[in-house]
Structure formats: structure tokens, C-alpha cells
Amino acid sequence: MKKLISLLLLAVSITATAQDIHPQDSLELSLDEVTVEAPRVVQRTDGRTYYPTAAMLTAATQGYTLLEKLNLPGVRVNAVSHTIEALGNTGGVQIRLNDIPATADDLLTLDVKSVLSIDFMDQPGVRYGEGVAYVIDIHTRRATSGYAVGTDLTSALTTVQTSDEVFGKWNSGLSELALSYRLGHEHARGICYDEQTDYLLTDGTTEHVSRSYTNGHRSHWQHNVQLTWNMADDDRYTIQTRLTGTLTRTPHRTHDLWFRTPDRQQLTTERQTARSFSPVLDVYIYKRIRARESVTANVVGTLINSHSHDFYEEGAPYEYETHGRSSSLTSEVVYENRLQPFTLSVGAQWQQRYMKNTYTGDVNSLNHIHNSTLYGFAQLKGLLGQRLSYTTGFGVSNVYFHEGANHYRHWLWRPKAALSYRLAEGLRVRYDFEIGQHVSQIANIADVAIRLNSREWQVGNPDLRPNRTTQHLLQFSYDRPRLSVMVTGIYKLNDQCNMAYTERTTDADGQTIFLHGQRNQPSCDVLMAQAYARWDIIPERLTASASADIFRCFNMGDDYTHCFTAYNRWISVQAYLGRWTLTAYADNGYSWMEGETRGHTAAETTLSVSYRAGAFTLSLYAQHPFNPHPVQLSNELMNRYVQRELRVRYPSYGNLLSLNVTWTLNHGRQYRDVNRTLQLSDRETGIMNR
């Protein structure tokens, strides 16, 4: 009887306080011997929703450190270098704030205490674009008063590498004004490169070439300024404008390269300088039409002005410059109606891009490129009964490309369906099917040829066409308040896909040369199995996560077949000890094979400790400990004409120690649950590089 009365009182307590509970608060109520705890992970049709614990929100200093602590499956987050990437070369990771794409500055200036939940979509819907493996959508509350100023300063102690951000946000009633400036600088010295290549010449003989250097160095600067103003009236409307300016400079990237054959050796020099400037203006509007209907629209204009200079002298001096100008206009309109028992979403995306790239010197070419993309989509999302949820939609895309006498127009229907069924409490099975497309980079389509060395050239292919991709996913997941387990299988088929090829020919002097490019070839298919687990060993104190993946790649070219199996794995442990936070992370890098190139990126090991004191947080990161010369990249070309193995080492990344200092001052801040941000800038320059 006592238990029954306790349960009734508990139900009344939950009902009475439901309006005061935020998702990031620990939903744990205790009465006598009865305890109810809500799960930190909620399953969705297209992924999962994570509710960060109070310990995570207290320990995190900005968006990157918060995502790092979630340990999302299939994603590597590096809070030091401010990068987020999908493991296994499966595609890109799209970060959003309140459903709108976000920038690095948005994550670095994120008020972590305003975060409500984080949606992790491993099967993004029809509106998220091409080549996106995962979408991470961070939901926050919007400040209505006060101001916040702060810094996020990161500096390496063992090499020259910095990333410094300063920002300020001012809120008054319905309006917010935000200004941020970010400076990034890196000067890497002692870069080591080793390449062993065998060329099969036209006379049937094989030439072995060795290229290596140990004194390479690279300097890079980046300046970024963002000015944002928005005005929002609860959930009725939001208007936001943002002006962004990015200036990048590579004042020098040089090295002395030894070129060796059985007959001779030569010490050559390679140099490159580059700079670019890109202003972006975006305007975003959200309007709620009725209680269940809304429309969002945005327009983004991007300009990119770039210049680079390349020089090397293997075989003979080769020098050229590129001057590039690119302008684009990107827009999107989405209508949403939250009907019963489903939600209807209909929208369209459009982009128009113009590029003028001038190559002078030993590369003499002028490219005028017109490229446009139109994409329309519709989607239904809802529930059938108490156990089955579904998402079904379709899209149609049209890609247009025009350069000189070369042009094409490509249409593709893109259906998508997802079903999720609850087998038991916390146990769910999910199946997804989707047809999408892959569009090659403009640089691979432009009609230009660049010499890579004395034997090899990189050439564009104006006849390259987009290709269709078909993906099937089957997933079993089990979620409890302290344990999450997920097993996923994915089979992805790429029909008539863009894959690299190598041709052998002779130049005007009768010397054998090799041309590298891309063309549509039969298929490049991937079979993947992934197991992931996250366990809160001690709630709010100790958490462990681990993942293991198996990738099987099937590359079917016009004149070759290559299969490859890769095993990728990582483990992470985090401890929250009051003001102290300890983190250990390790993975074996990731391997892949596409076409005839098999690659492997560096394994990563990171140890970090942070201490919070009021508005300050001090963090120390150790990367690649006990490894003075980590291999950052290795790959192997398995072509019948050219067989190559290469490795690149960055000694400055070995035993790397970095210090991060964050400071935030808030005054008079109050929040409500509305916030809209936008960043859809274009980064495509259409310039081919060595």
C-alpha cells in the first residue's frame, strides 16, 4: 500500500512540475524507495536525440568540447583543431544550430548552458544535401536580455599552432547583436615525405622513382570576422542577417625534394604561396503562419577571390599562377505543416554559381564556368500506432554545368523511406532506404591540365557526370538511462560513379607520361558493419564509450577490380570530478579504398585534463603522446601503369601539448526556447591544385 501511495504522489509531482523541467536537467525524482530516471538517449526514426547531463554542460566550454564529450558513433571530434569528421570516408558531417547550418565560430561562441538537446541523424532526410553522412543539430534557448563576452584561446606549447577567438553578444528584448573574430595560425616544420613509385613505360620497361624530403615547412594564417543581427518574437517569426569575412594566407609552403632513379639523382625545390578572401552575406526568415504551419526562407550570397603561385623543378622548371573569382547565390524555402498523425515538409533549394579561373605561366588556360542546381523535395513523418514510426519522402534534382562548348543537364528522382519499430522497452529495429546522387567537384570537370611532376599530369574531364547512389541500412538499438548499444549494417551502391583513372601516353618529345583524372566507371560499393556502446559507469561521474567498424569496399573500374577490408575502432573514457574533467581517447585512424587508391589517416590518441574556476576554464591536451614522428597520411596507388606508396609525417604533431583558456562573462542573461542561426556559405572555387 505504501508503494502504491508513493507512485500516485510521484505521478502528481511529475505532472505539477512538468513545465519547469528542461531536457538538460536530470529528470530523477525519488520518493521513499521509488526512483524514476529518464533516458539520456531517445531513439528517432532517422537517428537519436541526446540530452547532455549537467556534468557535461558544466565541463564543456564551447560546442566542440560538448560534442566531444557525447562520443557520437561514427564521428571523430577534435576539440583542439576544431574539426569534426566522419570515420571511414563515408561523407561529410553537417552541424546545425536549431536546424540551420552552423559555422566554426557558432560552435566556438556557443553558450553551452543554453543547450537543450542534440539530434544526431545518421540517416539524414531528403533536404540535407549531397555527400552528408551525419547531421548534428544542437537545440538551444534564446537569450532575451543581458550580454556575454568571452574568449577561447588555444596555443600549442611544443610547436607554433594557435586558434584564438574573441566574441561578444548583446541582447535586448527581441533583438540580438553578435560580433566575433577568430585568428588561426600554424607553422609546421620538419615535415617528412617519402614516396616510392614504379612506372611501366611504353617500351615495356619499369622505372623506379624515389621522392623524399625531411625539411618541409608550411605556414598558414586565417582571419575570420562575423557580424550577426537577429530579431525574434517567440515562435511567431525570426529575422536574421549575417555578414562574414574570411581571409586566408599561405605565405610559404616549401621543401627541398630529392628525386632519385637508378640512373641519377637530383635535388629539386618546390614552393607554393596562396591567399583568398571571401565575404558572405546571408538573410534568414522564419514565419509561423498558423498554429501548426510555418515557412522558412533564406538567401546567401558568396564571393571568393583567390590567388596562388606554384613552382617546382623536377625534370625542368615548371611555374604557374592561378587567379580565381567565384560568385554564387544559394536559396532555400521550406513549408512545414504539423498535421495529425504526421508532419508534412515541402521545400526547394536552388544555387547559381559562376566561376572565372585564369591560369598563367606554364599552365595557360581560362575557364568560364556556369553551374546551377535545383532540388525540390517533400516528406511525411509520423507514427502508426504506439510502436511504428516512419519517414517517407522523395526529391527531384537537376544539375546544370556549362563551360565553353561543354555542357550537360542531369535529372534524378531521389526517394527515401525509413521505418522504426519498437520491439520492447528500449529495444528498437530500424530500416532505411534512400537514393541520392554524387556530384564531382568543379575542378575535376573543368577543362584544364596541370603537371604534377616529370612523369604525371592531373587533367579535368568535362564529360564527367553526376552518379546515383543507393543505400540500405538495418539497425538494432537498445537504450536505457545508463546504457546505449547499437549495431548497424549499411550497404551502399554507387552506380556509374566518378572514380579516378590513369592513362599512359607519350608527349611531344616521345617521353612516357601518365594522365590522372576522373570518369564515370561501373561501380564503387561499400558494405559496413558497426557496433557502438556507451555506458555511464557512475552517473554524472564516469562514462565510457567504444565503437568498432568493418568496411568492405568493392571498386569495379573499366579495366580493374579492387576489393579492400578495413577495421576501424575507437574508445573513450571521461571522468567528471567536480571542477576537474579528465578525458582519454584513442583510435586506429581510418582506412578506405576508392578506385585504385588505398589510404589510411593517422591514428589519434588524446589525453586531456581541464579545471574550471569561476568564469575561467583551463585545459591541457596531449596528442600523440610517446610518438615523436606520427604518420599523418599514408596511401597506395595500385594502378597497372603507376604503383606508388607514400607516407607523410609531421614531427611537430608528435608529443603535441596544447593549452586552452576560455573565459566568459555573462550579465543579466535570461533565456527562452527560440533561436535561429544561418550559415550556408559556398566554398567551391573550381580551381585544380597539385
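The values are calculated or read from the model by the stated rules, or taken from the named source; none is laboratory data. Model, not experiment: these values are computed from the prediction. Positions of Cβ are generated from backbone atoms using ideal geometry, with glycine treated the same way; all protein chains shown enter the neighbour counts. We work out accessible area using only protein heavy atoms, side chains counted, and drop any ligands, DNA or RNA first. Shrake-Rupley method; radii C 1.70, N 1.55, O 1.52, S 1.80 Å.
Please give the number of the condition Thr158 fails out of (1) in contact (Cβ under 8 Å) with a residue 40 or more places away in the chain; (2) in contact with a Ser or Thr (Cβ under 8 Å, 6 or more places away or on another chain); (3) in a strand (DSSP E or B).
Looking at each condition in turn, Thr158 falls short on (3).
Look through region 570-600, keep the residues that are surrounded by 19 or more Cβ atoms within 10 Å (Cβ to Cβ) and of a type in the set (A, V, I, L, M, F, W, C), and return whichever of them is modelled with the lowest pLDDT.
Looking at the filtered set, the residue picked out is Trp592.
Every residue in region 631-663 that is in a strand (DSSP E or B), among the basic types (Lys, Arg) and surrounded by fewer than 18 Cβ atoms within 10 Å (Cβ to Cβ), please.
Arg647
Please go through region 243-273 and give me each residue that is closer than 22 Å to Leu179 by Cβ and touching a residue at least 60 places away in the same chain (Cβ under 8 Å), ordered by number.
If the condition is that a residue be closer than 22 Å to Leu179 by Cβ and touching a residue at least 60 places away in the same chain (Cβ under 8 Å), then Thr244 is the only one that fits.
Condition check: at pLDDT 80 or above and open to solvent by less than 20 Å² (accessible area, probe 1.4 Å). Does Thr109 satisfy that? Give the steps one after another, and end with the answer.
Values: at pLDDT 80 or above: yes; open to solvent by less than 20 Å² (accessible area, probe 1.4 Å): yes.
It is true that Thr109 is at pLDDT 80 or above and open to solvent by less than 20 Å² (accessible area, probe 1.4 Å).
How many residues are among the hydroxyl-bearing types (Ser, Thr, Tyr) and under 19 Å from Tyr320 (Cα atoms) if we restrict to region 443-494?
Number satisfying all stated conditions: 1.
Mind listing whichever residues of region 274-318 are over 30 Å from Arg242 (Cα atoms), free of Cβ contacts under 8 Å to residues at least 40 places away in the same chain and part of a strand (DSSP E or B)? Spell out the reasoning first.
The first filter runs over region 274-318 and keeps only residues over 30 Å from Arg242 (Cα atoms), leaving 309-318.
Now restrict to residues that are free of Cβ contacts under 8 Å to residues at least 40 places away in the same chain: 309, 317.
His309 - this is the single residue of region 274-318 that is over 30 Å from Arg242 (Cα atoms), free of Cβ contacts under 8 Å to residues at least 40 places away in the same chain and part of a strand (DSSP E or B).
With respect to Thr488, is the statement that it is out of contact with any Asp or Glu (no Cβ under 6 Å at 6 or more places or on another chain), closer than 30 Å to Asn367 by Cβ and at pLDDT 90 or above true?
On the way: out of contact with any Asp or Glu (no Cβ under 6 Å at 6 or more places or on another chain): yes; closer than 30 Å to Asn367 by Cβ: no; at pLDDT 90 or above: yes.
So Thr488 does not fit the description; no.
Within region 260-270, does at least one residue satisfy the condition of being under 30 Å from Asn453 (Cβ atoms), among the aliphatic types (A, V, I, L, M), out of contact with any Lys or Arg (no Cβ under 9 Å at 6 or more places or on another chain) and open to solvent by 60 Å² or more (accessible area, probe 1.4 Å)?
Yes, region 260-270 contains a residue that is under 30 Å from Asn453 (Cβ atoms), among the aliphatic types (A, V, I, L, M), out of contact with any Lys or Arg (no Cβ under 9 Å at 6 or more places or on another chain) and open to solvent by 60 Å² or more (accessible area, probe 1.4 Å).
Just to be sure, is Ser26 at pLDDT below 85, over 24 Å from the mean Cα position of the chain (by Cα) and assigned to a strand (DSSP E or B)?
For Ser26, the condition - at pLDDT below 85, over 24 Å from the mean Cα position of the chain (by Cα) and assigned to a strand (DSSP E or B) - is not met.
Just checking, does region 172-189 include any residue being polar (S, T, N, Q), open to solvent by less than 20 Å² (accessible area, probe 1.4 Å) and over 30 Å from Asn655 (Cα atoms)?
Looking through region 172-189, at least one residue is polar (S, T, N, Q), open to solvent by less than 20 Å² (accessible area, probe 1.4 Å) and over 30 Å from Asn655 (Cα atoms).
Could you identify the single residue in Ala188, Ala133, Ala178 that is under 30 Å from Gly393 (Cβ atoms) and of a type in the set (Gly, Ala, Ser)?
None of the other options fit; the residue is Ala133.
Restricting attention to region 114-133, report how many residues are modelled with pLDDT of 85 or more and more than 19 Å from Ser345 (Cβ to Cβ).
6
Please identify the pairs in which a residue from region 414-436 that is within 16 Å of Ser484 (Cβ to Cβ) and touching a residue at least 12 places away in the same chain (Cβ under 8 Å) has its Cβ atom under 6 Å from the Cβ atom of a residue that is open to solvent by less than 30 Å² (accessible area, probe 1.4 Å) and among the charged types (D, E, K, R), counting only partners at least 6 apart or on another chain.
Pairs found: Ser420/Arg430; Gly426/Asp479.
What is the one condition in (1) open to solvent by 20 Å² or more (accessible area, probe 1.4 Å); (2) among the charged types (D, E, K, R); (3) within 28 Å of Gly301 (Cα to Cα) that Asp256 does not satisfy?
Among (1) open to solvent by 20 Å² or more (accessible area, probe 1.4 Å); (2) among the charged types (D, E, K, R); (3) within 28 Å of Gly301 (Cα to Cα), Asp256 violates only (3).
Of the conditions (1) open to solvent by 50 Å² or more (accessible area, probe 1.4 Å); (2) touching a Ser or Thr at 6+ places or on another chain (Cβ under 6 Å), Asn494 fails just one. Which one is it?
For Asn494, the exception is condition (1).
In region 433-453, what residues are assigned to a loop (DSSP other than H, G, I, E, B) and either under 15 Å from Thr502 (Cα atoms) or among the basic types (Lys, Arg) (or both)?
Answer for region 433-453, where residues must be assigned to a loop (DSSP other than H, G, I, E, B) and either under 15 Å from Thr502 (Cα atoms) or among the basic types (Lys, Arg) (or both): Leu452, Asn453.
Every residue in region 349-370 that is farther than 21 Å from His307 by Cα and either surrounded by 17 or more Cβ atoms within 10 Å (Cβ to Cβ) or modelled with pLDDT under 90 (or both), please.
Selection gives Gln349, Gln351.
Could we say that Asp152 is in contact (Cβ under 8 Å) with a residue 24 or more places away in the chain, assigned to a strand (DSSP E or B), crowded, with 20+ Cβ neighbours inside 10 Å and acidic (Asp, Glu) here?
So Asp152 fits the description; yes.
Name the single residue that is most open to solvent (accessible area, probe 1.4 Å) among those in region 463-485 being under 22 Å from the mean Cα position of the chain (by Cα), within 17 Å of Leu419 (Cα to Cα) and not polar (S, T, N, Q).
Across region 463-485, the extreme among qualifying residues is His472.
Taking region 610-619 as the region of interest, how many residues are in a strand (DSSP E or B), in contact with a Phe, Trp or Tyr (Cβ under 9 Å, 6 or more places away or on another chain) and open to solvent by 20 Å² or more (accessible area, probe 1.4 Å)?
Number satisfying all stated conditions: 4.
Val573 - would you say it is under 22 Å from His624 (Cα atoms) and part of a strand (DSSP E or B)?
Yes: the conditions hold for Val573.
Since Leu67 meets every condition but one in (1) over 26 Å from Phe476 (Cβ atoms); (2) open to solvent by less than 10 Å² (accessible area, probe 1.4 Å); (3) of a type outside the set (Asp, Glu), which condition does it not meet?
Failed condition: (1).
Here are the criteria: (1) in contact with a Pro (Cβ under 6 Å, 6 or more places away or on another chain); (2) open to solvent by less than 10 Å² (accessible area, probe 1.4 Å). Tell me which single one Val132 does not satisfy.
(2)
Considering only residues that are open to solvent by less than 30 Å² (accessible area, probe 1.4 Å) and of a type in the set (D, E, K, R), which ones fall in region 271-292?
Asp282
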